[in-house]
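Notes follow once the structure below has been shown.
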Amino acid sequence: MGANTFPDLELAFDVGHSSIGWAVLQQKGAKTTEIDILGCGAVVFRADDCLASSRRAYRRQRRHIRSTRQRIARMKTLLQHIGALSENQLNEPGCAWPWLLAARVLKGGQLLTWRELWDVLRWYAHNRGYDGNRRWSSTEVEAAKEDSEKEANARGLMGSYGTRNMAETFCAISGIDPLGKKKSTNLPGNQRPKGQNAAFPRDVVEGEVHRILQAHFGKLKGLDAKLEAALFSDWRAVPCPTLKLPRRYEGGLLFGQLVPRFDNRIISICPISGEKVPTRNCPEFLNFRWAMQLANIKVGNAKERELQPLRAAHRVALDKQMRERGYLTPKELKEAVRSLTGCDRDNLDTMLMHPDAKEALLLDPVQKLISSDDFAPFWKLLPERLQKRLRGQWRRGKAFTLAQIRRQLEALGETGAFDAELEKQIDTHNSNTRKKDTQITRDVLMQRHFPSKKLRLDGRAAFARPLLQQAYDDILAGKPHPKEEGGC
């Protein structure tokens, strides 16, 4: 082909994991970059013909096996460090019925030895329950659907057998009484607990492990609230020099996991400005999300034919009220709007039916935490510089126990008022607790984490930072809706 000649036709392909897109192009002339699209289409593979599904299944299996092995190895390191069991004892094979041991404790039967409890913890390391694929579902949608079906099956099993947790359900399926002497049964493969295609909800499994551990507080060496926190919420709760995890690991050794880095792999481009978009965990996005709710609110009187957007003064007043607490409930938003405007009609009931509407009523997760009933009494006792430091750490995704916060106060020599508030909270809780329920102790309260759930938002915003900020400013100024004609 000469330097001044051009091919008549060009073929373009977009190869995906389950389809191939194609187009036939023709350049209009030698001195132009314009092209004609002569034809285009897509070839979609059937589910059985696509290699992606089987590859995804194998990939999930490898991840599951690797993470389970690591989970057990890390718990071994911690238990050996606290002197619960020796290395040889930790490496010994477990019994064949750990679910029976767990159910026995949950039914109020005989407590376990450390050897038996290690068998139970190892079993829960393999069967942690389904958490809704919170970390992975955005990229593995089909796998998430499969797991949701398994969760529904598990709830059906608990309902049919009248059980409240996974261990008792395993016993019920096997026809074994947890408080009896029978330990095993001979069932066909499809009738065994593992053959029921069931994934028990994560909150159910966590609840039963909490109960098992707390039943042994003070009965087994090293088993206390700190070890419970190390397994559930913060692997650093029990200092262990030989235990080192990556910085992006969140939670405890039993129920924690590495945080996927999907948000940093592909950074999308703003469709309007062409700039890169930020993560959703930024002030601009939170302001934008809340402001869009304000822009969507419409009110009117009985005499008016159509509802009208809020006035700028009303939007500013609502924004001020929101920032004082960091969040509003749907009921509080309705009351605030109707009180400010004196309207007879509005679209709030319809607008708040949207599944994302409640999330948009959270403007500042940190402010919501420090204004909560559980933490507000302690927050007001902290010096200003410590408050500033904690705000920054929380926004970066950190969590602190009351014990860790007290240690920072101790370095400043200001623990008196904090300790008095601790005793007050313990007395208040225990006086309102029924006699049959567990009384809270100082050690348990000191190991309570704030926040108890992560504050950071996953994913990325739809638009660039300047556009998000401009939309927020325009809405508070009473300008047209950002997505309507005349909006930004």
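The values are calculated or read from the model by the stated rules, or taken from the named source; none is laboratory data. Just so you know, these numbers come straight off a predicted model, no measurement behind them. Note that each Cβ is placed from the backbone with ideal geometry, even for glycine, and that neighbours are counted across all protein chains shown. Note: areas computed on protein heavy atoms with side chains; ligands, DNA, RNA excluded. Shrake-Rupley method; radii C 1.70, N 1.55, O 1.52, S 1.80 Å.
General remarks:
- Check on Leu333, over 30 Å from Ala417 (Cβ atoms), without any contact (Cβ under 8 Å) to a residue 24 or more places away in the chain and surrounded by 15 or more Cβ atoms within 10 Å (Cβ to Cβ): no
- Test: Asn197 is assigned to a loop (DSSP other than H, G, I, E, B) and either touching a residue at least 40 places away in the same chain (Cβ under 8 Å) or of a type outside the set (Val, Ile, Thr) (or both): yes
- Being surrounded by fewer than 18 Cβ atoms within 10 Å (Cβ to Cβ), under 28 Å from the mean Cα position of the chain (by Cα) and not small (Gly, Ala, Ser) is true of Asn197.
- Only one of Arg248, Arg236 that is touching a Lys or Arg at 6+ places or on another chain (Cβ under 8 Å) and open to solvent by 20 Å² or more (accessible area, probe 1.4 Å): Arg248
- Where a residue in the stretch 209-236 is within 15 Å of Gln110 (Cα to Cα) and its partner, wherever it lies, is open to solvent by less than 20 Å² (accessible area, probe 1.4 Å) and modelled with pLDDT under 90, with Cβ under 9 Å and at least six apart: Gln214/Ala225; Phe217/Ala225
- Residue in the stretch 261-268 that is touching a Gly at 6+ places or on another chain (Cβ under 8 Å) and either surrounded by fewer than 19 Cβ atoms within 10 Å (Cβ to Cβ) or among the hydrophobic types (A, V, I, L, M, F, W, C) (or both) present: yes
- Summed over the stretch 44-55, the residues that are at pLDDT 75 or above and within 30 Å of Leu258 (Cβ to Cβ) give a count of 2.
- Meets criteria (farther than 21 Å from Asn165 by Cβ, polar (S, T, N, Q) and either in contact with a helix residue (DSSP H, G or I) (Cβ under 8 Å, 6 or more places away or on another chain) or exposed (fewer than 14 other Cβ atoms within 10 Å of the Cβ) (or both)) for Gln257: yes
- Residue check for Leu294: in contact (Cβ under 8 Å) with a residue 24 or more places away in the chain and over 30 Å from Ile370 (Cβ atoms): no
- Residue within the stretch 437-446 that is without any contact (Cβ under 8 Å) to a residue 24 or more places away in the chain and out of contact with any helix residue (DSSP H, G or I) (no Cβ under 9 Å at 6 or more places or on another chain) present: yes
- From the options Thr169, Thr185, residue that is assigned to a helix (DSSP H, G or I) and β-branched (Val, Ile, Thr): Thr169
- For the stretch 15-43, filtered to residues that are open to solvent by 70 Å² or more (accessible area, probe 1.4 Å) and at pLDDT below 85, the residue that is nearest to Ala125 (Cα to Cα) is His17.
- Scan of the stretch 273-292 for residues that are under 20 Å from the mean Cα position of the chain (by Cα), within 15 Å of Met322 (Cα to Cα) and not basic (Lys, Arg), ordered by number: Pro283, Leu286
- Elements of type helices (runs of 4 or more DSSP H) in the stretch 369-488, at least 1 residues being open to solvent by 40 Å² or more (accessible area, probe 1.4 Å) and of a type in the set (Ser, Thr, Tyr): 416-431
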